Amino acid sequence: MQHHLFFRKKIILLFAIVLTACNNRQNDTITNDTETLRPASHEKIIPQKPTIPLPKVFSNERFKEVTVVKAEENKYVIKGKGQIFEASFSWVVDDGHEELQKGFQMTDAGAPEWGNFLFTVEVNKKRPNSTLTLILFESSAKDGSRQYELPIILY
């Protein structure tokens, strides 16, 4: 009987040692929200490359895939496609109070095809707190009014 009791104490002691050893081991993974993530000793930490945000894409019935990239302080590159009558469209940049710049461009194909365009606008603000808006549009063949306006805020 004593032999059986002695054997039982050894098993309990062995179990306690194993349990203690397991609890002292560093955890390499997250088990709950309060622990800190630690890489395993064999893992390398690789720095992430900064991502460059893609430009926003604008579209409406006559313009699609239009992007604006700020090339310099007051210079913007506009690229896209237009389904424009006779391949000619107009644009204007205003600051909410007045037109600062205006012009027209051509696509490389007229409607019903979608023609490509690429042009640069250089414009300076007259008021430092104003917001510049580029508006692409097709002029009406009847009266010259603006049709299919596509407003784009310039940052």
Given 10 °C and 1.306 mPa s, how large is the Stokes-Einstein diffusion coefficient of segment 45-155 in µm²/s, with Rh as the Kirkwood radius over Cα pairs? 106 µm²/s
For segment 101-113, in residue order, the Karplus 3J(HN,Hα) values (coefficients 6.51, -1.76, 1.60; θ = phi - 60°; whole Hz; Gly and Pro = x) are 7, 8, x, 9, 9, 10, 8, 7, 7, x, 4, x, 6
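No value in this document is a laboratory result; all are computed from the given coordinates. If you're wondering where the values come from, they're calculated on a predicted model, not measured in any experiment.
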